[in-house]
1. Place a +1 charge on the Cβ of each Lys and Arg in the protein assembly as shown and a -1 charge on the Cβ of each Asp and Glu, then give the dipole magnitude about the Cα centre in debye, rounded to the nearest 20.
2. Say each of A:Leu77 and A:Thr12 gets a label point 7 Å from the Cα, pointing the same way as Cα to Cβ; how far apart are those two points in nm?
3. Once you list every other residue whose beta carbon is under 14 Å from the beta carbon of A:Arg113, what net charge do they have if Lys and Arg are +1 and Asp and Glu are -1?
4. Need one value for A:232-244: mean number of C-beta atoms belonging to other chains within 10 Å of its residues' C-beta atoms.
5. Efficiency by 1/(1 + (r/R0)^6): what FRET value for B:Arg41 and A:Val44, r their Cβ-Cβ distance, R0 = 60 Å, to the nearest 0.05?
6. Over 29 Å apart: what share of the alpha carbon pairs of the stretch B:87-243 falls there, rounded to a whole percent?
7. Give me the 1.4 Å probe accessible area per residue for chain B, excluding ligands and nucleic acids, in Å².
8. Simple spin-label model, 7 Å along Cα-to-Cβ: B:Lys95 to B:Arg186 in nm?
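The values are calculated or read from the model by the stated rules, or taken from the named source; none is laboratory data. These numbers were taken from a predicted model, which means no experiment stands behind them. With ideal geometry, Cβ positions are generated from the backbone for all residues, glycine too; neighbour counts draw on all protein chains shown. In case anyone asks, the SASA skips ligands and DNA or RNA and just uses the protein heavy atoms, side chains included. Shrake-Rupley method; radii C 1.70, N 1.55, O 1.52, S 1.80 Å.
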Number of protein chains: 2
Amino acid sequence: MAATPAWPPRSTPRLFVDAALAEGPRRIDGPPAHYLLSVMRLKVGDAVKLFDDRSGEWLAVVEATGKRDLHVQLTTLLRPREPVPDMWLCAAPLKKGRVDWVAEKACELGVARLVPVLTRRAVVDKPNTDRLRAHMIEAAEQCDRTALPVLADPVKLATLLRDWPADRALFFADEAGGEPAAAAMRARPGPAAILIGPEGGFADAEREAIRALPRAVGVSLGPRILRADTAAAAAVAIWMSVAGDW
Amino acid sequence: MAATPAWPPRSTPRLFVDAALAEGPRRIDGPPAHYLLSVMRLKVGDAVKLFDDRSGEWLAVVEATGKRDLHVQLTTLLRPREPVPDMWLCAAPLKKGRVDWVAEKACELGVARLVPVLTRRAVVDKPNTDRLRAHMIEAAEQCDRTALPVLADPVKLATLLRDWPADRALFFADEAGGEPAAAAMRARPGPAAILIGPEGGFADAEREAIRALPRAVGVSLGPRILRADTAAAAAVAIWMSVAGDW
(Lines give C-alpha, C1' and ligand atoms only; values in the text may rest on other atoms or scores of the structure.)
Protein backbone atom coordinates (compact mmCIF):
# COMPACT_ATOMS: atom_id res chain seq x y z
CA MET A 1 0.00 0.00 0.00
CA ALA A 2 2.80 2.39 0.91
CA ALA A 3 4.08 2.06 -2.64
CA THR A 4 0.79 3.29 -4.12
CA PRO A 5 1.17 6.90 -5.25
CA ALA A 6 -1.52 9.34 -4.09
CA TRP A 7 -2.05 10.36 -7.73
CA PRO A 8 -3.62 8.94 -9.78
CA PRO A 9 -5.92 7.29 -7.20
CA ARG A 10 -6.35 3.50 -7.23
CA SER A 11 -9.94 4.00 -8.37
CA THR A 12 -8.82 5.73 -11.58
CA PRO A 13 -10.90 4.29 -14.44
CA ARG A 14 -8.97 2.38 -17.10
CA LEU A 15 -10.09 2.12 -20.70
CA PHE A 16 -8.98 0.54 -23.93
CA VAL A 17 -8.92 2.93 -26.91
CA ASP A 18 -8.69 1.35 -30.36
CA ALA A 19 -6.38 4.00 -31.82
CA ALA A 20 -2.69 4.84 -31.47
CA LEU A 21 -2.29 7.10 -28.42
CA ALA A 22 0.29 9.85 -27.99
CA GLU A 23 1.00 12.72 -25.61
CA GLY A 24 -1.41 15.61 -26.11
CA PRO A 25 -5.15 16.31 -26.30
CA ARG A 26 -7.72 13.68 -27.24
CA ARG A 27 -11.51 13.58 -27.60
CA ILE A 28 -13.41 10.55 -26.29
CA ASP A 29 -16.97 9.86 -27.46
CA GLY A 30 -19.29 6.91 -27.88
CA PRO A 31 -19.73 4.20 -25.22
CA PRO A 32 -16.37 4.98 -23.53
CA ALA A 33 -17.52 8.59 -23.04
CA HIS A 34 -20.86 7.39 -21.66
CA TYR A 35 -19.03 5.11 -19.22
CA LEU A 36 -16.65 7.84 -18.04
CA LEU A 37 -19.33 10.55 -17.77
CA SER A 38 -22.44 8.68 -16.61
CA VAL A 39 -21.03 5.65 -14.78
CA MET A 40 -17.72 6.90 -13.39
CA ARG A 41 -18.97 10.51 -13.26
CA LEU A 42 -15.60 11.99 -14.18
CA LYS A 43 -15.21 15.74 -13.74
CA VAL A 44 -12.68 18.21 -15.07
CA GLY A 45 -9.34 17.53 -13.41
CA ASP A 46 -10.04 13.83 -12.83
CA ALA A 47 -7.59 11.21 -14.04
CA VAL A 48 -8.21 8.35 -16.46
CA LYS A 49 -5.87 5.65 -17.73
CA LEU A 50 -6.00 4.79 -21.43
CA PHE A 51 -4.26 1.93 -23.25
CA ASP A 52 -4.18 1.23 -26.96
CA ASP A 53 -2.57 -2.21 -27.34
CA ARG A 54 0.10 -0.36 -29.33
CA SER A 55 2.13 2.19 -27.35
CA GLY A 56 1.05 1.13 -23.85
CA GLU A 57 -0.84 2.74 -20.98
CA TRP A 58 -1.22 6.52 -20.66
CA LEU A 59 -2.25 8.80 -17.84
CA ALA A 60 -4.76 11.39 -19.00
CA VAL A 61 -6.54 14.27 -17.26
CA VAL A 62 -10.08 15.42 -18.08
CA GLU A 63 -9.99 18.96 -19.50
CA ALA A 64 -13.60 19.42 -20.58
CA THR A 65 -16.81 17.38 -20.39
CA GLY A 66 -19.81 17.55 -22.73
CA LYS A 67 -23.12 15.71 -22.83
CA ARG A 68 -21.81 12.85 -24.98
CA ASP A 69 -18.06 13.41 -25.14
CA LEU A 70 -15.12 14.62 -23.13
CA HIS A 71 -11.70 16.06 -23.86
CA VAL A 72 -8.67 14.69 -22.08
CA GLN A 73 -4.97 15.55 -22.08
CA LEU A 74 -2.58 12.60 -22.28
CA THR A 75 0.33 13.59 -20.07
CA THR A 76 2.46 10.52 -19.28
CA LEU A 77 3.20 7.12 -20.74
CA LEU A 78 2.81 5.07 -17.55
CA ARG A 79 3.93 1.74 -19.10
CA PRO A 80 4.94 0.60 -22.57
CA ARG A 81 2.88 -2.24 -24.07
CA GLU A 82 3.84 -5.42 -22.22
CA PRO A 83 5.55 -8.31 -24.01
CA VAL A 84 3.30 -11.35 -24.51
CA PRO A 85 4.51 -14.97 -24.74
CA ASP A 86 4.22 -16.49 -28.22
CA MET A 87 1.26 -18.74 -27.46
CA TRP A 88 -1.80 -19.21 -29.65
CA LEU A 89 -5.01 -20.70 -28.31
CA CYS A 90 -6.88 -22.43 -31.13
CA ALA A 91 -10.29 -23.41 -29.79
CA ALA A 92 -13.55 -24.66 -31.25
CA PRO A 93 -16.40 -22.25 -30.47
CA LEU A 94 -18.52 -23.27 -27.49
CA LYS A 95 -21.90 -22.24 -26.16
CA LYS A 96 -22.23 -18.52 -25.44
CA GLY A 97 -21.31 -18.34 -21.76
CA ARG A 98 -18.41 -20.78 -22.00
CA VAL A 99 -16.74 -19.31 -25.07
CA ASP A 100 -16.99 -15.83 -23.55
CA TRP A 101 -15.24 -17.24 -20.52
CA VAL A 102 -12.51 -18.78 -22.68
CA ALA A 103 -11.90 -15.39 -24.33
CA GLU A 104 -11.67 -13.71 -20.91
CA LYS A 105 -9.28 -16.32 -19.55
CA ALA A 106 -7.15 -16.35 -22.72
CA CYS A 107 -6.59 -12.62 -22.21
CA GLU A 108 -5.87 -12.88 -18.49
CA LEU A 109 -3.52 -15.83 -18.87
CA GLY A 110 -1.63 -14.00 -21.60
CA VAL A 111 -2.15 -15.76 -24.93
CA ALA A 112 -0.92 -13.77 -27.92
CA ARG A 113 -3.60 -14.97 -30.33
CA LEU A 114 -7.04 -16.56 -30.04
CA VAL A 115 -8.08 -18.56 -33.09
CA PRO A 116 -11.69 -19.82 -33.33
CA VAL A 117 -11.45 -23.20 -35.09
CA LEU A 118 -14.44 -24.68 -36.89
CA THR A 119 -14.70 -28.44 -36.40
CA ARG A 120 -17.22 -31.09 -37.39
CA ARG A 121 -18.92 -31.42 -34.01
CA ALA A 122 -18.84 -27.72 -33.09
CA VAL A 123 -22.15 -26.58 -31.59
CA VAL A 124 -21.56 -23.11 -33.00
CA ASP A 125 -20.52 -22.49 -36.62
CA LYS A 126 -20.54 -18.69 -36.63
CA PRO A 127 -18.80 -17.44 -33.47
CA ASN A 128 -19.67 -13.87 -32.53
CA THR A 129 -16.16 -12.41 -32.77
CA ASP A 130 -17.34 -8.92 -31.77
CA ARG A 131 -18.61 -10.32 -28.47
CA LEU A 132 -15.42 -12.34 -27.94
CA ARG A 133 -13.31 -9.25 -28.53
CA ALA A 134 -15.46 -7.24 -26.11
CA HIS A 135 -14.84 -9.87 -23.43
CA MET A 136 -11.10 -9.77 -24.05
CA ILE A 137 -11.07 -5.98 -23.85
CA GLU A 138 -13.02 -6.02 -20.57
CA ALA A 139 -10.62 -8.62 -19.17
CA ALA A 140 -7.64 -6.46 -20.16
CA GLU A 141 -9.21 -3.37 -18.59
CA GLN A 142 -9.95 -5.26 -15.38
CA CYS A 143 -6.60 -7.01 -15.13
CA ASP A 144 -4.33 -4.04 -15.84
CA ARG A 145 -3.12 -5.53 -19.10
CA THR A 146 -1.62 -3.26 -21.76
CA ALA A 147 -1.80 -5.91 -24.49
CA LEU A 148 -4.79 -7.64 -26.07
CA PRO A 149 -4.69 -11.06 -27.70
CA VAL A 150 -5.13 -10.90 -31.45
CA LEU A 151 -8.54 -12.37 -32.31
CA ALA A 152 -8.08 -14.26 -35.57
CA ASP A 153 -10.87 -14.84 -38.09
CA PRO A 154 -12.62 -18.18 -37.55
CA VAL A 155 -10.90 -20.85 -39.63
CA LYS A 156 -11.79 -24.41 -40.59
CA LEU A 157 -9.61 -27.03 -38.94
CA ALA A 158 -8.42 -28.36 -42.32
CA THR A 159 -7.28 -24.87 -43.35
CA LEU A 160 -5.58 -24.25 -40.01
CA LEU A 161 -3.60 -27.48 -40.40
CA ARG A 162 -2.82 -26.89 -44.10
CA ASP A 163 -1.31 -23.47 -43.34
CA TRP A 164 0.37 -24.45 -40.06
CA PRO A 165 3.72 -22.65 -39.54
CA ALA A 166 6.60 -25.14 -39.44
CA ASP A 167 8.23 -23.42 -36.44
CA ARG A 168 5.23 -23.66 -34.09
CA ALA A 169 4.49 -26.64 -31.86
CA LEU A 170 0.81 -27.62 -31.75
CA PHE A 171 -0.23 -29.15 -28.44
CA PHE A 172 -3.66 -30.73 -28.69
CA ALA A 173 -5.68 -32.27 -25.88
CA ASP A 174 -6.06 -35.85 -27.06
CA GLU A 175 -8.86 -37.73 -25.30
CA ALA A 176 -7.18 -40.87 -26.63
CA GLY A 177 -4.23 -40.02 -24.37
CA GLY A 178 -0.87 -38.38 -24.97
CA GLU A 179 2.29 -37.17 -23.25
CA PRO A 180 1.72 -35.56 -19.84
CA ALA A 181 1.11 -31.91 -20.70
CA ALA A 182 3.74 -30.28 -18.47
CA ALA A 183 6.59 -32.54 -19.65
CA ALA A 184 5.57 -32.30 -23.31
CA MET A 185 5.48 -28.50 -23.17
CA ARG A 186 8.69 -28.09 -21.18
CA ALA A 187 10.49 -30.27 -23.75
CA ARG A 188 9.42 -28.03 -26.66
CA PRO A 189 10.29 -24.38 -26.01
CA GLY A 190 9.63 -21.72 -28.62
CA PRO A 191 6.50 -20.67 -30.51
CA ALA A 192 3.56 -22.82 -29.45
CA ALA A 193 -0.17 -23.28 -29.81
CA ILE A 194 -2.83 -25.19 -27.92
CA LEU A 195 -5.68 -26.77 -29.86
CA ILE A 196 -8.88 -27.59 -27.98
CA GLY A 197 -11.76 -29.41 -29.64
CA PRO A 198 -15.50 -28.87 -29.20
CA GLU A 199 -17.54 -30.36 -26.33
CA GLY A 200 -18.20 -33.42 -28.50
CA GLY A 201 -14.48 -33.89 -29.13
CA PHE A 202 -12.72 -34.14 -32.48
CA ALA A 203 -14.11 -36.56 -35.07
CA ASP A 204 -11.78 -39.52 -35.71
CA ALA A 205 -10.79 -38.18 -39.13
CA GLU A 206 -10.03 -34.79 -37.57
CA ARG A 207 -7.83 -36.35 -34.92
CA GLU A 208 -5.93 -38.27 -37.61
CA ALA A 209 -5.39 -35.06 -39.59
CA ILE A 210 -4.05 -33.30 -36.49
CA ARG A 211 -1.75 -36.21 -35.64
CA ALA A 212 -0.39 -36.14 -39.21
CA LEU A 213 0.98 -32.63 -38.62
CA PRO A 214 4.75 -32.90 -37.95
CA ARG A 215 4.64 -30.32 -35.13
CA ALA A 216 1.52 -31.77 -33.48
CA VAL A 217 1.94 -33.23 -29.99
CA GLY A 218 -0.96 -35.02 -28.30
CA VAL A 219 -1.00 -34.16 -24.61
CA SER A 220 -2.92 -35.59 -21.68
CA LEU A 221 -4.70 -33.37 -19.17
CA GLY A 222 -5.16 -36.14 -16.68
CA PRO A 223 -7.52 -39.04 -16.01
CA ARG A 224 -10.63 -36.91 -15.54
CA ILE A 225 -12.77 -35.72 -18.43
CA LEU A 226 -12.57 -31.91 -18.66
CA ARG A 227 -15.04 -29.60 -20.31
CA ALA A 228 -13.56 -27.85 -23.32
CA ASP A 229 -13.36 -24.49 -21.52
CA THR A 230 -11.63 -26.09 -18.55
CA ALA A 231 -9.16 -27.90 -20.81
CA ALA A 232 -8.32 -24.63 -22.58
CA ALA A 233 -7.60 -22.70 -19.38
CA ALA A 234 -5.70 -25.61 -17.81
CA ALA A 235 -3.49 -26.19 -20.86
CA VAL A 236 -2.66 -22.49 -21.24
CA ALA A 237 -1.86 -22.16 -17.52
CA ILE A 238 0.44 -25.18 -17.67
CA TRP A 239 2.22 -23.89 -20.79
CA MET A 240 2.68 -20.44 -19.21
CA SER A 241 4.12 -22.03 -16.08
CA VAL A 242 6.61 -24.40 -17.76
CA ALA A 243 7.36 -22.75 -21.14
CA GLY A 244 5.93 -19.22 -20.91
CA ASP A 245 6.85 -16.27 -18.71
CA TRP A 246 5.49 -17.37 -15.32
CA MET B 1 -16.51 -45.22 -31.22
CA ALA B 2 -15.92 -48.89 -32.04
CA ALA B 3 -15.04 -49.41 -28.41
CA THR B 4 -18.37 -48.02 -27.19
CA PRO B 5 -20.71 -50.84 -26.17
CA ALA B 6 -24.18 -50.80 -27.74
CA TRP B 7 -25.73 -50.96 -24.29
CA PRO B 8 -26.02 -48.89 -22.23
CA PRO B 9 -26.23 -46.17 -24.90
CA ARG B 10 -23.94 -43.15 -24.76
CA SER B 11 -26.97 -41.02 -23.97
CA THR B 12 -27.66 -42.94 -20.74
CA PRO B 13 -28.45 -40.34 -18.04
CA ARG B 14 -26.01 -40.17 -15.16
CA LEU B 15 -26.99 -39.06 -11.67
CA PHE B 16 -25.41 -38.54 -8.27
CA VAL B 17 -27.29 -40.21 -5.42
CA ASP B 18 -26.40 -39.10 -1.91
CA ALA B 19 -26.70 -42.55 -0.32
CA ALA B 20 -24.58 -45.70 -0.34
CA LEU B 21 -25.53 -47.73 -3.42
CA ALA B 22 -25.52 -51.52 -3.70
CA GLU B 23 -26.75 -54.17 -6.09
CA GLY B 24 -30.52 -54.61 -5.97
CA PRO B 25 -33.70 -52.53 -6.15
CA ARG B 26 -33.85 -48.83 -5.36
CA ARG B 27 -36.55 -46.15 -5.36
CA ILE B 28 -35.71 -42.70 -6.72
CA ASP B 29 -37.91 -39.70 -5.90
CA GLY B 30 -37.61 -35.92 -5.61
CA PRO B 31 -35.79 -33.77 -8.20
CA PRO B 32 -33.76 -36.71 -9.57
CA ALA B 33 -37.01 -38.57 -10.33
CA HIS B 34 -38.46 -35.47 -11.98
CA TYR B 35 -35.34 -35.17 -14.12
CA LEU B 36 -35.39 -38.82 -15.18
CA LEU B 37 -39.14 -38.97 -15.81
CA SER B 38 -40.00 -35.53 -17.21
CA VAL B 39 -36.72 -34.36 -18.76
CA MET B 40 -35.05 -37.60 -19.87
CA ARG B 41 -38.43 -39.38 -20.26
CA LEU B 42 -37.09 -42.71 -19.05
CA LYS B 43 -39.33 -45.72 -19.60
CA VAL B 44 -39.34 -49.22 -18.12
CA GLY B 45 -36.30 -51.06 -19.43
CA ASP B 46 -34.21 -47.92 -19.92
CA ALA B 47 -30.76 -47.64 -18.39
CA VAL B 48 -29.49 -45.04 -15.94
CA LYS B 49 -26.06 -44.64 -14.34
CA LEU B 50 -25.93 -43.77 -10.65
CA PHE B 51 -22.90 -42.82 -8.57
CA ASP B 52 -22.73 -42.21 -4.86
CA ASP B 53 -19.23 -40.80 -4.17
CA ARG B 54 -18.78 -43.91 -2.02
CA SER B 55 -18.87 -47.24 -3.88
CA GLY B 56 -18.56 -45.85 -7.41
CA GLU B 57 -20.76 -45.85 -10.51
CA TRP B 58 -23.60 -48.35 -11.00
CA LEU B 59 -25.64 -49.41 -13.99
CA ALA B 60 -29.33 -49.54 -13.19
CA VAL B 61 -32.43 -50.46 -15.20
CA VAL B 62 -35.84 -48.85 -14.78
CA GLU B 63 -38.36 -51.42 -13.49
CA ALA B 64 -41.37 -49.23 -12.78
CA THR B 65 -42.27 -45.56 -13.20
CA GLY B 66 -44.78 -43.54 -11.19
CA LYS B 67 -45.93 -39.93 -11.34
CA ARG B 68 -43.23 -38.67 -8.96
CA ASP B 69 -40.92 -41.61 -8.45
CA LEU B 70 -39.42 -44.58 -10.21
CA HIS B 71 -38.02 -47.93 -9.19
CA VAL B 72 -34.72 -49.11 -10.62
CA GLN B 73 -32.65 -52.26 -10.29
CA LEU B 74 -28.91 -51.75 -9.75
CA THR B 75 -27.28 -54.56 -11.71
CA THR B 76 -23.56 -53.82 -12.16
CA LEU B 77 -20.83 -51.80 -10.51
CA LEU B 78 -19.39 -50.18 -13.64
CA ARG B 79 -16.46 -48.48 -11.87
CA PRO B 80 -15.29 -48.19 -8.29
CA ARG B 81 -14.98 -44.66 -6.88
CA GLU B 82 -11.92 -43.07 -8.51
CA PRO B 83 -8.89 -42.07 -6.44
CA VAL B 84 -8.47 -38.30 -6.06
CA PRO B 85 -5.15 -36.49 -5.58
CA ASP B 86 -4.66 -35.05 -2.10
CA MET B 87 -5.18 -31.41 -3.04
CA TRP B 88 -7.28 -28.89 -1.16
CA LEU B 89 -8.44 -25.66 -2.74
CA CYS B 90 -8.89 -23.00 -0.06
CA ALA B 91 -10.55 -20.01 -1.68
CA ALA B 92 -12.20 -16.82 -0.51
CA PRO B 93 -15.83 -16.64 -1.66
CA LEU B 94 -16.35 -14.57 -4.81
CA LYS B 95 -19.36 -13.05 -6.51
CA LYS B 96 -22.08 -15.56 -7.38
CA GLY B 97 -21.17 -16.48 -10.95
CA ARG B 98 -17.43 -16.67 -10.31
CA VAL B 99 -17.54 -18.77 -7.16
CA ASP B 100 -19.96 -21.20 -8.85
CA TRP B 101 -17.43 -21.48 -11.63
CA VAL B 102 -14.62 -22.15 -9.15
CA ALA B 103 -16.67 -24.96 -7.59
CA GLU B 104 -17.30 -26.48 -11.03
CA LYS B 105 -13.64 -26.27 -12.04
CA ALA B 106 -12.42 -27.58 -8.69
CA CYS B 107 -14.52 -30.70 -9.27
CA GLU B 108 -13.46 -31.16 -12.90
CA LEU B 109 -9.77 -30.60 -12.18
CA GLY B 110 -9.94 -33.12 -9.36
CA VAL B 111 -9.44 -31.35 -6.03
CA ALA B 112 -10.21 -33.52 -2.99
CA ARG B 113 -11.57 -30.72 -0.82
CA LEU B 114 -12.92 -27.21 -1.39
CA VAL B 115 -12.61 -24.91 1.63
CA PRO B 116 -14.37 -21.52 1.55
CA VAL B 117 -12.05 -19.16 3.46
CA LEU B 118 -13.37 -15.95 5.01
CA THR B 119 -10.91 -13.08 4.64
CA ARG B 120 -11.01 -9.39 5.50
CA ARG B 121 -11.69 -8.12 1.99
CA ALA B 122 -14.08 -10.89 0.92
CA VAL B 123 -17.09 -9.51 -0.95
CA VAL B 124 -19.19 -12.39 0.39
CA ASP B 125 -19.22 -13.41 4.07
CA LYS B 126 -21.86 -16.16 3.91
CA PRO B 127 -21.12 -18.38 0.90
CA ASN B 128 -24.11 -20.42 -0.27
CA THR B 129 -22.60 -23.86 0.26
CA ASP B 130 -25.75 -25.64 -0.98
CA ARG B 131 -25.39 -23.90 -4.33
CA LEU B 132 -21.65 -24.62 -4.47
CA ARG B 133 -22.31 -28.29 -3.78
CA ALA B 134 -25.00 -28.39 -6.49
CA HIS B 135 -22.49 -27.00 -8.99
CA MET B 136 -19.90 -29.61 -8.01
CA ILE B 137 -22.47 -32.40 -8.35
CA GLU B 138 -23.51 -31.17 -11.80
CA ALA B 139 -19.87 -30.99 -12.86
CA ALA B 140 -19.28 -34.55 -11.65
CA GLU B 141 -22.38 -35.79 -13.48
CA GLN B 142 -21.29 -34.03 -16.69
CA CYS B 143 -17.66 -35.07 -16.52
CA ASP B 144 -18.13 -38.76 -15.71
CA ARG B 145 -16.55 -38.35 -12.30
CA THR B 146 -17.29 -40.93 -9.59
CA ALA B 147 -15.87 -38.77 -6.79
CA LEU B 148 -17.01 -35.40 -5.45
CA PRO B 149 -14.76 -32.91 -3.69
CA VAL B 150 -15.57 -32.57 -0.01
CA LEU B 151 -17.10 -29.14 0.56
CA ALA B 152 -15.80 -27.94 3.91
CA ASP B 153 -17.64 -25.53 6.17
CA PRO B 154 -16.58 -21.91 5.58
CA VAL B 155 -13.72 -21.06 7.93
CA LYS B 156 -11.99 -17.82 8.95
CA LEU B 157 -8.46 -17.48 7.61
CA ALA B 158 -7.03 -17.20 11.14
CA THR B 159 -8.72 -20.47 12.14
CA LEU B 160 -7.57 -22.22 8.97
CA LEU B 161 -3.96 -21.21 9.67
CA ARG B 162 -4.17 -22.03 13.40
CA ASP B 163 -5.36 -25.59 12.67
CA TRP B 164 -3.14 -26.13 9.62
CA PRO B 165 -1.90 -29.78 9.35
CA ALA B 166 1.90 -29.93 9.64
CA ASP B 167 2.19 -32.43 6.76
CA ARG B 168 0.39 -30.29 4.13
CA ALA B 169 2.13 -27.70 1.96
CA LEU B 170 0.15 -24.47 1.52
CA PHE B 171 0.78 -22.78 -1.81
CA PHE B 172 -0.64 -19.28 -1.86
CA ALA B 173 -0.78 -16.88 -4.77
CA ASP B 174 1.29 -13.96 -3.50
CA GLU B 175 0.73 -10.74 -5.45
CA ALA B 176 3.96 -9.56 -3.81
CA GLY B 177 5.76 -12.29 -5.80
CA GLY B 178 7.01 -15.77 -4.95
CA GLU B 179 8.60 -18.88 -6.42
CA PRO B 180 7.42 -19.80 -9.92
CA ALA B 181 4.39 -22.01 -9.27
CA ALA B 182 5.40 -25.08 -11.28
CA ALA B 183 8.90 -25.34 -9.75
CA ALA B 184 7.64 -24.67 -6.22
CA MET B 185 4.97 -27.37 -6.51
CA ARG B 186 7.22 -29.95 -8.19
CA ALA B 187 9.76 -29.51 -5.37
CA ARG B 188 7.16 -30.27 -2.70
CA PRO B 189 5.34 -33.54 -3.40
CA GLY B 190 2.79 -34.94 -0.97
CA PRO B 191 -0.38 -33.47 0.56
CA ALA B 192 -0.92 -29.93 -0.67
CA ALA B 193 -3.34 -27.03 -0.67
CA ILE B 194 -3.74 -23.90 -2.73
CA LEU B 195 -4.92 -20.72 -1.04
CA ILE B 196 -6.49 -18.01 -3.18
CA GLY B 197 -7.48 -14.65 -1.74
CA PRO B 198 -10.50 -12.48 -2.58
CA GLU B 199 -10.66 -10.13 -5.57
CA GLY B 200 -9.27 -7.37 -3.36
CA GLY B 201 -6.32 -9.54 -2.34
CA PHE B 202 -5.20 -10.43 1.17
CA ALA B 203 -4.80 -7.63 3.70
CA ASP B 204 -1.15 -7.04 4.67
CA ALA B 205 -1.70 -8.57 8.13
CA GLU B 206 -3.32 -11.61 6.52
CA ARG B 207 -0.39 -12.09 4.15
CA GLU B 208 2.02 -11.88 7.10
CA ALA B 209 0.02 -14.51 8.99
CA ILE B 210 0.07 -16.83 5.97
CA ARG B 211 3.83 -16.33 5.47
CA ALA B 212 4.41 -17.15 9.14
CA LEU B 213 3.05 -20.68 8.57
CA PRO B 214 6.03 -23.07 8.27
CA ARG B 215 4.44 -24.99 5.36
CA ALA B 216 3.35 -21.86 3.47
CA VAL B 217 4.99 -21.23 0.09
CA GLY B 218 4.28 -18.02 -1.79
CA VAL B 219 4.03 -18.76 -5.51
CA SER B 220 3.92 -16.52 -8.55
CA LEU B 221 1.36 -17.01 -11.32
CA GLY B 222 3.20 -14.77 -13.72
CA PRO B 223 3.51 -11.08 -14.51
CA ARG B 224 -0.16 -10.54 -15.36
CA ILE B 225 -2.80 -9.82 -12.74
CA LEU B 226 -5.28 -12.71 -12.64
CA ARG B 227 -8.81 -12.62 -11.34
CA ALA B 228 -9.22 -14.82 -8.25
CA ASP B 229 -11.20 -17.45 -10.16
CA THR B 230 -8.57 -17.60 -12.90
CA ALA B 231 -5.77 -17.88 -10.34
CA ALA B 232 -7.59 -20.76 -8.61
CA ALA B 233 -8.08 -22.79 -11.79
CA ALA B 234 -4.56 -22.04 -13.06
CA ALA B 235 -2.86 -23.00 -9.79
CA VAL B 236 -4.84 -26.25 -9.47
CA ALA B 237 -4.12 -27.20 -13.09
CA ILE B 238 -0.39 -26.55 -12.61
CA TRP B 239 -0.30 -28.59 -9.39
CA MET B 240 -2.17 -31.48 -11.04
CA SER B 241 0.27 -31.44 -13.94
CA VAL B 242 3.52 -31.35 -11.94
CA ALA B 243 2.60 -32.92 -8.57
CA GLY B 244 -0.83 -34.53 -9.07
CA ASP B 245 -1.97 -37.37 -11.30
CA TRP B 246 -1.86 -35.78 -14.77
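1. Values: 66 positive and 62 negative charges, 108 e Å.
Value, rounded to 20: 520 debye.
2. Label at A:Leu77, label at A:Thr12, 1.6 nm between them.
3. Numbers: positive: A:Arg133, A:Arg168; negative: A:Asp53, A:Asp86, A:Asp153, A:Asp163.
Around A:Arg113, the surrounding residues sum to -2.
4. Values: counts 0, 7, 11, 2, 2, 14, 8, 1, 8, 17, 8, 1, 2.
Taking the mean over all residues of the peptide, I get 6.
5. Numbers: r = 64 Å, r/R0 = 1.07.
The formula returns an efficiency of 0.40 here.
6. On the way: 1129 of 12246 pairs.
Distances greater than 29 Å cover 9 percent of the Cα pairs.
7. On the way: 10970 Å² over 246 residues.
In whole numbers, chain B has 45 Å² accessible per residue.
8. Computed distance between label sites B:Lys95 and B:Arg186 equals 3.7 nm.
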